[in-house]
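As structure tokens, the structure follows; a few thoughts come after it.
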Amino acid sequence: MPTNIEVKAVLKDAGAARDIAIRLSGGNAKTFHQTDYFFPCDTARLKLRIFDSHSGELIRYQRSDLATARMSKYLIARTPDPEILRTILTETLGTAGIVRKIRQLFLVGQTRIHIDNVDGLGEFLELEVVMRPDQDESEGHEIVRGLLSEFGIDPAQLVADAYVDLLRREHGNAKPGTLKL
């Protein structure tokens, strides 16, 4: 199963972060409008990501909710017909939450740098180091530490929860640390 070492942080200055990402990647971002539909799942998180309504990805992932770099195991199935898949999943499983965001994607080596503007939450930095099958997890953590330093991210800015959990908590539907999807 593919793995990432990933971390998320609240951004104090998205413009400055964008400038750093452009410098590190050597170019401008690819920008995506994404809507993530989360579905109830006892053993992992399950979401359907829809890009501008014309393509999508069904993503199952497992990771700890820690405010630090952590391993994420994931599987992705791409679909050219995400609305039908959303209808099937919603009618079968129900919906556990919806997240809408504009994502700017920068590539630096084996790392995906995301600058996300999340409806109802604000702006965030996500780093995902895509691990090679033969690569030790400690290498991914070292890459994350270096990039967090480049972006000037303070440990207090790190976020443990998924956007869907943050949105639920923001709207008073759950207490911190109690959400399970």
Please count how many residues of segment 7-33 are crowded, with 19+ Cβ neighbours inside 10 Å and under 21 Å from Ile98 (Cβ atoms).
1
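Could we say that Asp161 is surrounded by 16 or more Cβ atoms within 10 Å (Cβ to Cβ), part of a loop (DSSP other than H, G, I, E, B) and within 14 Å of the chain's Cα centre (by Cα) here? Walk me through how you get there before you give the answer.
Details: surrounded by 16 or more Cβ atoms within 10 Å (Cβ to Cβ): yes; part of a loop (DSSP other than H, G, I, E, B): yes; within 14 Å of the chain's Cα centre (by Cα): yes.
So Asp161 passes the test.
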Scanning segment 69-113 for residues that are free of Cβ contacts under 8 Å to residues at least 60 places away in the same chain and assigned to a loop (DSSP other than H, G, I, E, B), which turns out surrounded by the most Cβ atoms within 10 Å (Cβ to Cβ)?
Gln110
Of all residues being part of a loop (DSSP other than H, G, I, E, B) and not basic (Lys, Arg) in segment 1-32, which is nearest to Asp136 (Cα to Cα)? Just the residue, please.
Pro2
Where Arg145 falls short, out of the listed (1) surrounded by fewer than 19 Cβ atoms within 10 Å (Cβ to Cβ); (2) of a type outside the set (Ser, Thr, Tyr); (3) part of a loop (DSSP other than H, G, I, E, B)
(3)
Given (1) touching a strand residue (DSSP E or B) at 6+ places or on another chain (Cβ under 7 Å); (2) closer than 22 Å to Ala96 by Cβ; (3) assigned to a loop (DSSP other than H, G, I, E, B), number of the condition Asp65 does not satisfy:
(1)
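Table: residues versus (1) in contact with a strand residue (DSSP E or B) (Cβ under 8 Å, 6 or more places away or on another chain); (2) modelled with pLDDT of 95 or more; (3) over 22 Å from Val144 (Cβ atoms).
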{"residue": "Met1", "(1), (2), (3)": "yes, no, no"}
{"residue": "Lys47", "(1), (2), (3)": "yes, yes, yes"}
{"residue": "Ser72", "(1), (2), (3)": "yes, yes, no"}
{"residue": "Val108", "(1), (2), (3)": "no, yes, no"}
Taking Arg132, is it at pLDDT 95 or above, part of a loop (DSSP other than H, G, I, E, B) and closer than 23 Å to Gln110 by Cβ?
yes
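The values are calculated or read from the model by the stated rules, or taken from the named source; none is laboratory data. None of these values were measured; they are calculated from a predicted model. Ideal geometry is used to build each Cβ from the backbone, glycine not excepted, and the neighbour counts take in all protein chains shown.
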